[in-house]
Every structure is written in structure tokens, then in C-alpha cells.
Amino acid sequence: MITRKKIIYAILILSPLVCIFFSLFIGRFPLSVPLVVKILWSKLAMSASSLPDKYNTVIWEIRMPRAILGALVGGSLAISGAAFQGLFRNPLVSSGILGVSSGAGFGAALAILIFNSTSYTYIFAFCFGGLAVLLSYLIGRVYNTTPAIMLVLGGVIVSSVFSALISFAKYVADPYNQLPTIVFWLMGSLASARYHDFIIGGIPMTIGIIGLIAIRWRINVLSMGDKEARSLGIDTALNKGIVIICATLATAGAVCVSGIIGWVGLVMPHIGRMLVGNDNKLLIPASLSLGACFLILVDNLGRVITGSEIPLGILTALVGGPFFVYLLKKTKGGGW
């Protein structure tokens, strides 16, 4: 017998694939569904295509990597947000709570200032995102322990410092070349998505996602509190470290290839709770699917609603903010 939960799970599994497919014929260059299907089939069957090269270029070199990378980035941010919300037992926590987004932003700005190009942006953004989390962890250690509240405070401090450094980088940047590049990167975009981004950002994102899915049941235990988790035989320090490392890898990998994109890691886990409940064994995969679909749809929206592309960070805030207010009113604050 098909139950409501089975239907929800099937939809969550298939929806990212459906969103990726439909994003292939959305854009300024019109492509019909039969034409897209024909291009995909000729490539998968490894047969010669009679269509002009421009069609294959639009599908395989521009829209396909952008859609897949959007799914990875959105899923990584959402699953990291869900993991941190469970770990810190706080529904207002997002994927950037430990300063990874601010650290990555400063790393990207520093690379643009030093090398006057975006060639080293990915490496600097990823490294400084990891450094920010490490600093937050070191600040949060009190008497050889890491209370959740101290980790959050450490993240707030590190985020504030790196945000100030970003402002300083913009202040000293060349206003004609470097400053526009820094500002545009910080607003978030998938416009330059190519297959080499899967190697740079896809590997840490995949490792982080797989790690969080593998230990998602332990997040349920950690969300009960340190004393309860230890009484059940869980090494709290080790498991907290694993969750933080996996979430950091996923978030840093996403930010380094897409820029700073907010609200995904905050709103998507709440939608997941409305669908599957608070059990992280179900919530973590649901957040992954919802985040992937959300960012693909927002990216498609940003490409078509105006003559020029709207950065993702702007759209996610405009869509996520009011929708989060709607969620709070609908659940009356009881969704947690």
C-alpha cells in the first residue's frame, strides 16, 4: 500500500533530477523539450548529432554544469544547515554559523586583490573558510571542552572579524577593476559554472554530504545534549568534530565556487521538518533534496526575469525572508 510518506520520499528523490532537466531549456536561447531530449539522447548513445554545434554547447557546456553545480551547492548548504541546527539544538542556526561564509568571502577578496584575477579565488576561499571554522573551534574550547554555546559565540566573533576584513579589502581595492569583481562574487552567482568546478568544489561537497548522511542518526543523539549522549555511549567530542568537519567541507566547497548565498541553510531544513518531521535520519536527506531544487529554481528565475542576470544572494534573501516569516506564522513557532 502506497502511503503518504512513500510518496513524499519518491518526490524528494526525483525532484532534483526533474529540476535539472527542466533547467536545460530555460534561458535566453530558446530550446524546446523535444530538442533537448534529442540532444541528450545523442550524447548518451554516443551517436553523431545532426544538430548545429551551438545547441550542444548551450546544453552540455553552459546549462548542464550550471544546473548540476546549483543542485550540489543548494544541497550542501541545506544539509549543513540541518546538521548544525540539530547539533546546536537551535532552529535559527544556518550553514555559515561558524564563520565559514565570511572566511571564504575574505579569502576570495584577498585573492582578487593579490592576483588581480579570479584564478586563485576558489583555493583562497576554501582555505579561509576552513580557517574560520578552525578559529571558531579554538575560541569555543573552554577547559578542554567545546560547549555548543561557546562554539556559536566563537562563530559570531570570527564572522564579525572576517566581515570587517572584507570591508577593508573593498576599501583598498581598485574601484574600477577589483572592487566590482569582489562585490559581484560576494553576492553569489553560478554564471561561470564549468565542469572544472566539480573537481574544485564538488569533491569537498560530496565528501561532506556523504559524511553527514552516514552519521545522521548520531545527530539525533547529540541533539539530546552532551550528558544524555554520553550516557548512551556516544563520544560527544569526536562526533561533534565529525559533524562540524563534514558540514564545513560541504559549505566551504559550495561557497568557494558560488560565492556567499544566504537563507538556503536556514529555510530548507524547516520546510523539511514540515514534510518528514524532526528525525534527522529523514530530515538530512530531505534537506539535501529541497536545497538542490530551491537553488536550481532560484538560479533559473535570476536568469530570465530581467535582461541581466540577478545574483543569487539577492534572490535567496528576497524569496527566503518572506517565506521564513510564512513558515513561522504557519507553525506558530512550533516547527522545531
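The values are calculated or read from the model by the stated rules, or taken from the named source; none is laboratory data. Since the structure is predicted, the reported quantities are computational estimates derived from the model, not experimental observations. Here the Cβ positions follow ideal geometry from the backbone for every residue, glycine too, while neighbour counts run over all protein chains shown.
With 95, 76 as the choices, which residue is in a helix (DSSP H, G or I), under 18 Å from the mean Cα position of the chain (by Cα) and among the hydroxyl-bearing types (Ser, Thr, Tyr)? Can you show your working first?
On the way: 95 fails: in a helix (DSSP H, G or I).
Of 95, 76, the one residue that is in a helix (DSSP H, G or I), under 18 Å from the mean Cα position of the chain (by Cα) and among the hydroxyl-bearing types (Ser, Thr, Tyr) is 76.
Tally time: how many residues in region 53-111 are on the phi > 0 side of the Ramachandran plot and either at pLDDT 95 or above or basic (Lys, Arg) (or both)?
Adding up the residues that qualify gives 1.
Of everything in region 188-200, what is buried (at least 16 other Cβ atoms within 10 Å of the Cβ) and part of a helix (DSSP H, G or I)? Give them in sequence order.
If the condition is that a residue be buried (at least 16 other Cβ atoms within 10 Å of the Cβ) and part of a helix (DSSP H, G or I), then 197, 198, 200 are the ones that fit.
Looking at region 31-42, can you tell me whether even one residue there is outside any helix (DSSP H, G or I), out of contact with any Cys (no Cβ under 6 Å at 6 or more places or on another chain) and either surrounded by fewer than 18 Cβ atoms within 10 Å (Cβ to Cβ) or not acidic (Asp, Glu) (or both)? First the steps, then the outcome.
Just the residues of region 31-42 that are outside any helix (DSSP H, G or I), to begin with: 31-32.
Applying the additional criterion that residues be out of contact with any Cys (no Cβ under 6 Å at 6 or more places or on another chain) yields 31-32.
When the remaining residues are screened for being either surrounded by fewer than 18 Cβ atoms within 10 Å (Cβ to Cβ) or not acidic (Asp, Glu) (or both), the result is 31-32.
Yes: region 31-42 contains one or more residues that are outside any helix (DSSP H, G or I), out of contact with any Cys (no Cβ under 6 Å at 6 or more places or on another chain) and either surrounded by fewer than 18 Cβ atoms within 10 Å (Cβ to Cβ) or not acidic (Asp, Glu) (or both).
Which one of the conditions (1) surrounded by fewer than 16 Cβ atoms within 10 Å (Cβ to Cβ); (2) under 30 Å from residue 154 (Cα atoms) does residue 125 fail to meet, given that it meets all the rest?
For residue 125, the exception is condition (1).
Among what's in region 222-241 and is within 19 Å of residue 133 (Cα to Cα) and buried (at least 16 other Cβ atoms within 10 Å of the Cβ), pick the residue that is modelled with the lowest pLDDT.
Filtering region 222-241 down to residues within 19 Å of residue 133 (Cα to Cα) leaves 236-241.
With the extra rule that they be buried (at least 16 other Cβ atoms within 10 Å of the Cβ), the set shrinks to 236, 239-240.
Values: 236: 84, 239: 89, 240: 88.
So the residue we want is 236.
Could you tell me whether region 85-106 includes any residue that is surrounded by fewer than 17 Cβ atoms within 10 Å (Cβ to Cβ) and free of Cβ contacts under 8 Å to residues at least 40 places away in the same chain?
There is no residue in region 85-106 that is surrounded by fewer than 17 Cβ atoms within 10 Å (Cβ to Cβ) and free of Cβ contacts under 8 Å to residues at least 40 places away in the same chain.
Does residue 15 count as more than 21 Å from residue 206 (Cβ to Cβ), surrounded by fewer than 23 Cβ atoms within 10 Å (Cβ to Cβ) and either at pLDDT 85 or above or over 18 Å from the mean Cα position of the chain (by Cα) (or both)? Quick ask: steps written out before the conclusion?
On the way: more than 21 Å from residue 206 (Cβ to Cβ): no; surrounded by fewer than 23 Cβ atoms within 10 Å (Cβ to Cβ): yes; either at pLDDT 85 or above or over 18 Å from the mean Cα position of the chain (by Cα) (or both): yes.
Against the criterion (more than 21 Å from residue 206 (Cβ to Cβ), surrounded by fewer than 23 Cβ atoms within 10 Å (Cβ to Cβ) and either at pLDDT 85 or above or over 18 Å from the mean Cα position of the chain (by Cα) (or both)), residue 15 does not qualify.
So which of 200, 139 ends up being in contact (Cβ under 8 Å) with a residue 24 or more places away in the chain and touching a helix residue (DSSP H, G or I) at 6+ places or on another chain (Cβ under 7 Å)? Lay out the reasoning, then the answer.
Values: 139 fails: in contact (Cβ under 8 Å) with a residue 24 or more places away in the chain.
It is 200.
Here are some residues: 219, 203. Which one is surrounded by fewer than 18 Cβ atoms within 10 Å (Cβ to Cβ) and closer than 22 Å to residue 285 by Cα?
Working: 219 fails: surrounded by fewer than 18 Cβ atoms within 10 Å (Cβ to Cβ).
Step by step, each of 219, 203 is checked, and only 203 is surrounded by fewer than 18 Cβ atoms within 10 Å (Cβ to Cβ) and closer than 22 Å to residue 285 by Cα.
If you go through region 235-251 one residue at a time, do you hit one that is touching a residue at least 24 places away in the same chain (Cβ under 8 Å), part of a helix (DSSP H, G or I) and within 18 Å of residue 187 (Cα to Cα)?
yes
With the condition kept exactly as written, say whether any residue in region 74-84 is of a type in the set (Val, Ile, Thr), closer than 22 Å to residue 255 by Cα and either buried (at least 23 other Cβ atoms within 10 Å of the Cβ) or without any contact (Cβ under 8 Å) to a residue 12 or more places away in the chain (or both).
Taking region 74-84 first, the residues of a type in the set (Val, Ile, Thr) are 79.
Of the ones still in play, those that are also closer than 22 Å to residue 255 by Cα are 79.
Subsequent filtering for residues that are either buried (at least 23 other Cβ atoms within 10 Å of the Cβ) or without any contact (Cβ under 8 Å) to a residue 12 or more places away in the chain (or both) retains 79.
Yes - at least one qualifying residue is present in region 74-84.
For region 303-316, what are the residues that are among the small types (Gly, Ala, Ser) and more than 10 Å from residue 188 (Cβ to Cβ)? Before the answer, list the steps.
Applying the first criterion (among the small types (Gly, Ala, Ser)) to region 303-316 yields 307-308, 313.
Scanning region 303-316 gives 307, 308.
Just give me the residues in region 297-317 being among the aliphatic types (A, V, I, L, M) and touching a Lys or Arg at 6+ places or on another chain (Cβ under 9 Å), in sequence order. So that I can check it myself, show each step before the final result.
Filtering region 297-317 for residues among the aliphatic types (A, V, I, L, M) gives 297-298, 301, 304-305, 310, 312, 314-315, 317.
Result: 304, 310.
Within region 303-326, can you find the residues that are without any contact (Cβ under 8 Å) to a residue 24 or more places away in the chain and surrounded by 15 or more Cβ atoms within 10 Å (Cβ to Cβ)?
Within region 303-326, the first condition is being without any contact (Cβ under 8 Å) to a residue 24 or more places away in the chain, and the residues that meet it are 305-308, 310, 315, 318, 322, 325-326.
Matches in region 303-326: 310, 315.
If you check residue 249 against the conditions, is it within 21 Å of residue 204 (Cβ to Cβ), buried (at least 20 other Cβ atoms within 10 Å of the Cβ) and modelled with pLDDT of 90 or more? Don't jump to the end; show me each part of the working.
Details: within 21 Å of residue 204 (Cβ to Cβ): yes; buried (at least 20 other Cβ atoms within 10 Å of the Cβ): yes; modelled with pLDDT of 90 or more: yes.
Answer is yes for this residue.
Residue-wise test of (1) on the phi < 0 side of the Ramachandran plot; (2) in contact (Cβ under 8 Å) with a residue 60 or more places away in the chain; (3) part of a helix (DSSP H, G or I).
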position: 218; (1), (2), (3): yes, no, yes
position: 230; (1), (2), (3): yes, no, yes
position: 254; (1), (2), (3): yes, yes, yes
position: 260; (1), (2), (3): yes, yes, no
position: 285; (1), (2), (3): yes, yes, yes
position: 294; (1), (2), (3): yes, yes, yes
position: 297; (1), (2), (3): yes, yes, yes
position: 301; (1), (2), (3): yes, no, yes
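Is there any pair linking a residue in region 1-24 that is more than 30 Å from residue 60 (Cβ to Cβ) to one that is in a helix (DSSP H, G or I), with Cβ under 6 Å and at least six apart or on different chains, and which?
Short answer, once both residue conditions are applied: 8/275.
List the number of the failed condition for residue 288; all other conditions in (1) surrounded by fewer than 24 Cβ atoms within 10 Å (Cβ to Cβ); (2) within 24 Å of residue 328 (Cβ to Cβ); (3) aliphatic (A, V, I, L, M) hold.
(1)
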